[in-house]
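Here's the structure, in structure tokens; my notes come after.
The values are calculated or read from the model by the stated rules, or taken from the named source; none is laboratory data. This structure is a prediction, so every number in the text was calculated from the model and none was measured. In this analysis, Cβ positions are derived from the backbone assuming ideal geometry, glycine residues included, and neighbour counts consider all displayed protein chains.
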């Protein structure tokens with residue numbers, strides 16, 4: 001049980017800090033030069049997707065803590081976080097790198 | 001179904017790790033190429049890309065799934081925390097420097113960023129002042145309406161009172177009672193009047209406050225006007241600058257066109273120069289050939305001169321011989337003339353001889369005829 005609590009709390013806190021840092025980075029982006037704005041946008045999008053993936057994980061483990069029984073349908077949270085959102089985030093990071101290369 | 005999904009999940013994790021490794025390599029190459037010069041601070045981006053590290057570590061072999069999950073989530077959490085702190089710090093440093101720059105623009109308004117300053121700092125203040133002005137005007141209107149309503153109420157009450165006075169003139173008691181009531185009502189009216197006066201005083205105070213606010217507002221307005229004038233001047237200046245830049249661009253474009261034309265002409269000239277060089281080379285070759293020919297001609301001329309001298313010598317010889325020949329010819333001609341004369345004489349002789357021969361033949365014929373006649377006889 002402690003394992004689930006740790007993971008849920010870390011994931012939730014990670015999500016919150018990522019969102020906070022996303023807002024700060026968004027404000028930093030406004031003061032950066034316009035040349036790197038598209039790449040920066042892609043990077044921030046990736047960060048947002050990564051934070052959503054963490055949120056999905058946090059929800060899954062919170063559900064596990066309160067239900068106290070493992071449910072098969074919870075695998076869809078893994079599908080959302082690891083199968084869809086995480087590769088999407090990595091892909092957007094990759095796209096941002098390619099845009100940086102063009103700059 | 002769930003097994004398939006778990007297999008897919010593990011495959012996707014490997015894919016994500018691979019993508020993060022590729023991203024790290026590209027970022028390292030970009031940093032070597034000097035991408036950092038474009039950013040004010042790259043720590044935020046470094047930390048953002050470092051978020052992939054827990055996902056790579058969690059895929060290391062011989063780690064239980066619970067621990068790998070723990071590593072993944074805790075790593076992301078720690079990195080997110082660090083990212084938040086560093087990004088906040090960077091933002092503060094960048095923002096303070098930016099604000100300083102913008103405040104410096106107040107002293108130096110002839111700067112293109114002055115407009116941005118006006119937009120970000122002055123415009124919200126103007127909006128707030130406008131809102132305050134609206135509120136004050138509304139407050140003034142409300143107070144005026146309240147005073148008007150009170151005055152109307154008082155008028156109606158006074159009218160009612162006067163009507164009551166007319167009705168109650170019939171009996172003294174009633175009048176006394178009425179007078180008592182009236183006194184009480186008068187007291188009330190006085191109280192109300194006092195209240196009204198207080199309200200009037202309050203309204204006057206409010207008016208004074210409004211006037212003070214108005215004067216402040218006017219001052220602010222004047223300041224705004226001045227600032228707007230400045231902004232307008234700046235705008236005009238910027239427009240002039242823009243026009244200059246546009247004209248400069250146009251001239252630059254024209255010059256570029258001229259340069260292009262010059263380049264084209266240069267190319268053509270270069271081609272012509274090459275052609276001329278080639279022709280020069282050809283001419284040089286021809287000149288060399290001509291020189292060689294001239295030398296040959298000189299040689300030939302020398303030879304010719306020698307031959308000419310020989311020829312002249314020969315000619316002199318031949319002329320001598322020709323004179324000799326002429327003399328001989330004249331002699332021969334004289335001889336021919338003499339021969340001709342002799343020939344003519346001979347011909348005359350031959351003619352005379354033939355005439356004599358004919359005469360002889362006739363005489364011979366005659367003789368023969370005479371002989372025949374004689375024979376016959």
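Would you check if residue A:48 is within 20 Å of residue B:90 (Cβ to Cβ), part of a helix (DSSP H, G or I) and more than 9 Å from chain B (Cβ to nearest Cβ)? Considered against the rule, which asks whether it is within 20 Å of residue B:90 (Cβ to Cβ), part of a helix (DSSP H, G or I) and more than 9 Å from chain B (Cβ to nearest Cβ), residue A:48 comes out as yes. The test for being surrounded by fewer than 19 Cβ atoms within 10 Å (Cβ to Cβ), more than 9 Å from every other protein chain (Cβ to nearest Cβ) and closer than 27 Å to residue A:3 by Cα holds for residue B:57. Picking from residues in region B:77-91 that are closer than 18 Å to residue B:40 by Cα and facing chain A (nearest Cβ under 7 Å), the one that is surrounded by the most Cβ atoms within 10 Å (Cβ to Cβ) is B:83. Yes or no: residue A:73 within 11 Å of another protein chain (Cβ to nearest Cβ), in a helix (DSSP H, G or I), under 22 Å from residue B:82 (Cβ atoms) and free of Cβ contacts under 8 Å to residues at least 40 places away in the same chain? So residue A:73 does not fit the description; no. Put simply, of A:54, A:83 the only residue that is within 27 Å of residue B:67 (Cβ to Cβ), facing chain B (nearest Cβ under 7 Å) and either touching a strand residue (DSSP E or B) at 6+ places or on another chain (Cβ under 9 Å) or in contact (Cβ under 8 Å) with a residue 40 or more places away in the chain (or both) is A:54.
For region B:1-51, how many residues are more than 29 Å from residue B:96 (Cα to Cα), within 7 Å of chain A (Cβ to nearest Cβ) and modelled with pLDDT of 90 or more?
7
On the given criteria, is residue A:38 surrounded by fewer than 20 Cβ atoms within 10 Å (Cβ to Cβ) and facing chain B (nearest Cβ under 7 Å)? Against the criterion (surrounded by fewer than 20 Cβ atoms within 10 Å (Cβ to Cβ) and facing chain B (nearest Cβ under 7 Å)), residue A:38 does not qualify. One residue alone among B:184, B:177 is surrounded by fewer than 12 Cβ atoms within 10 Å (Cβ to Cβ) and at pLDDT 75 or above, and that residue is B:184.
Matching residues to (1) over 30 Å from residue B:65 (Cα atoms); (2) at the interface with chain B (Cβ under 8 Å from one of its Cβ atoms):
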| residue | (1), (2) |
| --- | --- |
| A:24 | yes, yes |
| A:27 | yes, yes |
| A:44 | no, no |
| A:61 | no, no |
| A:94 | no, yes |
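The condition of being within 11 Å of chain A (Cβ to nearest Cβ) and either in a helix (DSSP H, G or I) or modelled with pLDDT under 90 (or both) does not hold for residue B:118.
Close contacts from region B:234-250, counting a first residue that is touching a residue at least 24 places away in the same chain (Cβ under 8 Å) and a second that is outside any helix (DSSP H, G or I) and surrounded by 11 or more Cβ atoms within 10 Å (Cβ to Cβ), with Cβ to Cβ under 9 Å and a gap of 6+ residues or different chains, come to B:234/B:109; B:234/B:110; B:234/B:111; B:237/B:110.
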